[in-house]
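> Structure in structure tokens, see below.
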Amino acid sequence: MYPLSYRKFIFSLLGVIGLSGLSGVAIAGELQVHEVPVFRIHVMELPESVVGMPLRELEKWAHAGDPAAENALGVAYLYGKNVPENWQKADAWFRKAAHAGNANGAFHLAFAYNFGEGVPPNRHKAVYWWQQSAKDRKR
């Protein structure tokens, strides 16, 4: 399994998260970089309908079958936001969101299968869910 910091790095490379500002200094070998990007994880991907929603309300909507709330609850479990970090629960919520046609849920599920987070690693399922995510984004 890959550490969470590696997963955040991969998200940043794929452009899934937004660049919130620049700060700090990093040195790599002889190269000195004065500006290091600071990333806000999952801010751009959550729809306005669930951003800032209290956890109880989010759980209520997720249990009622709202795909955006299911994905947001998965993100909460993935990163331990107001709940204990639990990759298995996160993957279960991402799966529900993905099956309901939520592109972000499918994308998170693909990452889980690719890196073995909460589910056994399976590249074929990862590719399938990445393709589903792309199809769902076009709708």
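> At what distance in nm do the modelled label points of TYR128 and ALA100 sit from each other, each positioned 7 Å from its Cα along Cα→Cβ?
For the pair TYR128/ALA100, the computed spacing is 2.1 nm.
> Checking the table LYS81/LYS135; LYS89/LYS135; LYS96/LYS125; LYS60/LYS89; LYS60/LYS81 against a 20 Å threshold on Cα-Cα, which pairs fail? The partial results should precede the final answer.
Values: LYS81/LYS135 29 Å; LYS89/LYS135 25 Å; LYS96/LYS125 15 Å; LYS60/LYS89 16 Å; LYS60/LYS81 16 Å.
The pairs that break the limit, which is 20 Å between Cα atoms, are LYS81/LYS135; LYS89/LYS135.
FYI, it's all coordinate maths here, none of it is from the lab. Quantities reported herein were computed from a predicted structural model and do not represent experimental measurements. Note that we place each Cβ from the backbone using ideal geometry, even for glycine, and neighbour counts take in every protein chain shown.
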